[in-house]
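The values are calculated or read from the model by the stated rules, or taken from the named source; none is laboratory data. Keep in mind the model is a prediction, meaning the values are calculated, not measured. Reconstructed Cβ throughout: ideal geometry from the backbone, glycine too, with neighbour counts over all protein chains shown.
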Amino acid sequence: MLLAIDTSAGTSVAVVDRDGGILSERTVADTRSHAEVIGRLIRETLEEADVAPAALSGVVAGMGPGPFTGLRVGIAAARAFAFGVGKPVVPLVSHDAVAFARALAGDAEPLLVVTDARRRELYWSRYGAPDAQGFPTRVGGPALAKPDELPAGVRRVDAPVIPAGSLGLLAEALYAARRPFAAQSGGHDEPLYLRSPDVTPSAGPKRVS
């Protein structure tokens, strides 16, 4: 069983099992309350699934792309929780979860997964048809663009929230198929902010006159 956490858009937490599927899932669409809700969502999903932290095999962390402030909350929570229970962290590209959920539903068409990057910009990842094992094939991105700069000629899927249940099921499926996770494949095992944070420290102490 895995605990899956994603805060690249809203906040989503789930407990998934390779055989049992999504055992519990909690989602808050608000993109500015990650820090306030993440602890409660983790507790509620574990309680609903009736799973003790020690029974988990690992923690899946959505690595974005996502805005700096929100994305780092989920990644930090995943890493801290995993450290506390002595389990590994599985990093995955958040957009891959949306494409994987579409593939599970029988949607084999190429698509463009899009999430809000704020500042009138969008994050995007482009996918071809799923491979022979049903896994999404990312052929472009993740990247950042203005709305009129998005790749054309492919169906667009806007995701207001990345479902943690789909993220966890993707991790379970990759493990079962003996496919590499991001950190094992030279992929994205670091946060995909794709731009600098909104606030940066000043270069030195403020001069007082």
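Please find, within segment 13-60, the residue that is nearest to residue 181 (Cα to Cα) out of those that are among the polar types (S, T, N, Q) and in a loop (DSSP other than H, G, I, E, B). Let's see the steps before the verdict.
In the first step, residues of segment 13-60 are kept if they are among the polar types (S, T, N, Q); the result is 24, 27, 31, 33, 45, 57.
With the extra rule that they be in a loop (DSSP other than H, G, I, E, B), the set shrinks to 31, 33, 57.
On the way: 31: 27, 33: 29, 57: 15 Å.
Within segment 13-60, the match that is nearest to residue 181 (Cα to Cα) is 57.
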Is it fair to say residue 57 is small (Gly, Ala, Ser), at pLDDT 95 or above and either surrounded by fewer than 22 Cβ atoms within 10 Å (Cβ to Cβ) or within 15 Å of the chain's Cα centre (by Cα) (or both)? yes
Can you tell me how many residues within segment 102-151 are more than 16 Å from residue 9 (Cα to Cα) and within 13 Å of the chain's Cα centre (by Cα)? 0
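If I ask for residues that are over 13 Å from the mean Cα position of the chain (by Cα), of a type outside the set (Val, Ile, Thr) and not in a loop (DSSP other than H, G, I, E, B), which ones from segment 152-174 would you list? Steps first, answer last, please.
The first filter runs over segment 152-174 and keeps only residues over 13 Å from the mean Cα position of the chain (by Cα), leaving 152-158, 172-174.
Then drop every residue that is not of a type outside the set (Val, Ile, Thr), which leaves 152-153, 155-156, 158, 172-174.
If the condition is that a residue be over 13 Å from the mean Cα position of the chain (by Cα), of a type outside the set (Val, Ile, Thr) and not in a loop (DSSP other than H, G, I, E, B), then 155, 156, 158, 172, 173, 174 are the ones that fit.
Among residues belonging to segment 77-119 that are among the charged types (D, E, K, R) and touching a residue at least 40 places away in the same chain (Cβ under 8 Å), point out the one that is farthest from residue 179 (Cα to Cα).
118
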Matching option when the condition is in contact with a helix residue (DSSP H, G or I) (Cβ under 6 Å, 6 or more places away or on another chain) and within 20 Å of residue 104 (Cα to Cα), among 15, 28: 15
Subset of segment 61-98 that is in a helix (DSSP H, G or I), of a type in the set (Gly, Ala, Ser) and more than 12 Å from the chain's Cα centre (by Cα) - its residue that is surrounded by the most Cβ atoms within 10 Å (Cβ to Cβ): 77
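Please enumerate the residues belonging to segment 1-24 that are farther than 17 Å from residue 53 by Cβ and crowded, with 19+ Cβ neighbours inside 10 Å. Show your work before the answer.
Going through segment 1-24, the residues farther than 17 Å from residue 53 by Cβ turn out to be 6-12, 18-22.
Matches in segment 1-24: 6, 7, 8, 9, 10, 11, 12.
Every residue in segment 99-132 that is in a loop (DSSP other than H, G, I, E, B) and out of contact with any strand residue (DSSP E or B) (no Cβ under 8 Å at 6 or more places or on another chain), please.
105, 106, 107, 108, 119, 120, 132
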